[in-house]
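S.K.: Sharing a structure below in structure tokens format, with a few things to ask.
Just so it is clear, none of the values below were taken in a lab; they were calculated from the coordinates. These numbers were taken from a predicted model, which means no experiment stands behind them. Note that we place each Cβ from the backbone using ideal geometry, even for glycine, and neighbour counts take in every protein chain shown.
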Amino acid sequence: MLPFILPGIVVGVAILVGFSSGLIILSGTWMIMVVGFFIRRMPYIFRSTTASLSQIDVAVEEASTIIGASWLTTFRKITLPLMAPGILAGAVISFSTLMGELSTTVILYSARWKTISIAIVEYLFSATIGPAYTLGTILIVLVLAAIFLANRILGRRMSQMFKMV
């Protein structure tokens, strides 16, 4: 959970220092951004997956074992499908927060590999606000499309997200 607690700039500097020398040199490549984003958002997926796993009743898995299913079959046919909504929720949360990630990206990006948030900041600093607005709108549409797609996969409507239970 440490990448969740630490500021993004601290995580970015640590990743840049860690992958700028030694066996694996990733600074200046797109891979360092992927590693940085993965490390930065891994706690979201971990917490969501852990929560969905803890809600599965142990008796369901035991019943599968009693009828002779192997551990792998039980995991593939019972546990994984029951965990799928939690995994998908974590992935959507990670994706939607990464689309606007700026703190780690500022440290890790190179001129060849810019994200949409870096492009928005560059347009704002150059006083050309029109393209920044356009990119911001594209960012919002991408996040909403990801949430809509996740709801479609889960068989829910968008309005069900906002219902109070």
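S.K.: So I have (1) 1, 8, 12, 14, 15, 14, 12, 10, 6, 4, 2, 1, 0, 0; (2) 2, 9, 17, 21, 21, 15, 9, 4, 2, 1, 0, 0; (3) 1, 6, 10, 10, 8, 6, 6, 6, 8, 9, 9, 8, 7, 5, 3, 1, 0, and one of them is P(r) over Cα pairs in 5 Å bins from 0, in percent calculated from this model. Which one is it?
M.R.: Correct label is (1).
S.K.: Further question: Could you please report the charge total around Pro131, scoring K, R as +1 and D, E as -1 over all other residues with beta-carbon less than 15 angstrom from its beta-carbon?
M.R.: Cβ neighbours under 15 Å give a net charge of 0.
S.K.: Placing +1 at every Lys and Arg Cβ and -1 at every Asp and Glu Cβ, with all other atoms neutral, what dipole size does region 2-162 have around its Cα centre, in debye to the nearest 20?
M.R.: On the way: 10 positive and 5 negative charges, 55 e Å.
The calculation lands at about 260 debye.
S.K.: Divide by every residue of the chain the summed helix terms, -39500 (n - 2.57) for each DSSP H run of at least 4, and state the resulting mean residue ellipticity at 222 nm, rounded to the nearest 500 deg cm²/dmol. Don't skip to the end; give the middle numbers.
M.R.: Numbers: 9 runs with 115 residues, N = 165.
Result for the chain: -22000 deg cm²/dmol, rounded to the nearest 500.
S.K.: Explain nothing, just compute: Karplus ³J(HN,Hα) = 6.51 cos²θ - 1.76 cosθ + 1.60, θ = phi - 60°, for every residue of region 100-105 in order, whole Hz, x for Gly and Pro.
M.R.: Karplus-based 3J(HN,Hα) across region 100-105 equals x, 4, 10, 5, 6, 5 Hz.
S.K.: Can you tell me the FRET efficiency between Lys77 and Trp113 if r is taken as the Cβ-Cβ distance and R0 is 41 Å, rounded to the nearest 0.05?
M.R.: With a Förster radius of 41 Å, E is 0.50.
S.K.: Enter the Cα centre distance for the pair region 65-133 and region 1-58, rounded to the nearest angstrom.
M.R.: 11 Å
S.K.: Something else about it: Please give me the summed charge of the neighbours of Phe4: other residues whose Cβ is under 11 Å from its Cβ, Lys and Arg +1, Asp and Glu -1.
M.R.: Charge balance near Phe4 sits at +3.
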